[in-house]
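All remarks here apply to the structure that follows.
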Amino acid sequence: QVQPVETGGGLVQAGGSLRLSCVVRGRNIANYGMGWFREFPGQEREFVAAIGRSGNAKSYKDSVKGRFTISRDNAKNSVFLQMNSLRPDDTGVYYCAVPLRTYTGLTDSREDYGYWGRGTQVSVSS
């Protein structure tokens, strides 16, 4: 089984920071790009950030650019999402995603990801 496990969510005030971690069990992720998504109640899961297999290429949702940073540590089979200057509209459940297949580019499409963690709740108060 391939299972991402997210940690690091919590409750913070607007302007605060959180660092999310994702450890993937059951697969060596060194040959895979990775992604972070988030979901608001009653809405579709949306793309937040992606990182290429080497860690050099990165892509972000426009609204988080300059505030969020995605990174990875292949030796730890992990990816991270550093979130700064958090806003109340960042509140949601954040998911780590592993692609179905290896690829060298970045993708923001849910259909390209086949394995999802259970999610970690991020709550930002006003």
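Of the residues making up region 1-58, those that are basic (Lys, Arg) and either within 17 Å of Arg118 (Cα to Cα) or modelled with pLDDT of 95 or more (or both) are Arg19, Arg25, Arg27, Arg38, Arg45, Lys58. Considering (1) surrounded by fewer than 16 Cβ atoms within 10 Å (Cβ to Cβ); (2) on the phi > 0 side of the Ramachandran plot, the lone condition that Gln43 does not fulfil carries the number (2). Count of region 81-108 residues, restricted to those that are polar (S, T, N, Q) and modelled with pLDDT under 95, is 3.
Output the residue which, of all residues in region 88-125 that are open to solvent by 50 Å² or more (accessible area, probe 1.4 Å) and of a type in the set (D, E, K, R), is farthest from Ser78 (Cα to Cα). Per the criteria, the residue is Asp89. Within region 14-40, residues that are without any contact (Cβ under 8 Å) to a residue 12 or more places away in the chain have Cβ atoms under 6 Å from residues that are of a type in the set (A, V, I, L, M) and not in a helix (DSSP H, G or I) in no pair, counting only partners at least 6 apart in sequence or on another chain.
For region 67-86, the set of residues classified as open to solvent by 20 Å² or more (accessible area, probe 1.4 Å), assigned to a loop (DSSP other than H, G, I, E, B) and either touching a strand residue (DSSP E or B) at 6+ places or on another chain (Cβ under 6 Å) or among the aromatic types (Phe, Trp, Tyr) (or both) consists of Asn77 only. Residues in region 52-61 include none that are within 22 Å of Arg101 (Cβ to Cβ), open to solvent by less than 70 Å² (accessible area, probe 1.4 Å) and touching a Pro at 6+ places or on another chain (Cβ under 7 Å). Tallying residues that are in contact with a helix residue (DSSP H, G or I) (Cβ under 8 Å, 6 or more places away or on another chain) and free of Cβ contacts under 8 Å to residues at least 40 places away in the same chain within region 45-62 yields 2.
Tell me, yes or no, whether region 88-101 has at least one residue that is more than 19 Å from Val5 (Cα to Cα) and either of a type in the set (A, V, I, L, M, F, W, C) or in a strand (DSSP E or B) (or both). No, region 88-101 contains no residue that is more than 19 Å from Val5 (Cα to Cα) and either of a type in the set (A, V, I, L, M, F, W, C) or in a strand (DSSP E or B) (or both).
The values are calculated or read from the model by the stated rules, or taken from the named source; none is laboratory data. Keep in mind the model is a prediction, meaning the values are calculated, not measured. Positions of Cβ are backbone-derived with ideal geometry, glycine not excepted, and every protein chain shown enters the neighbour counts. Note: areas computed on protein heavy atoms with side chains; ligands, DNA, RNA excluded. Shrake-Rupley method; radii C 1.70, N 1.55, O 1.52, S 1.80 Å.
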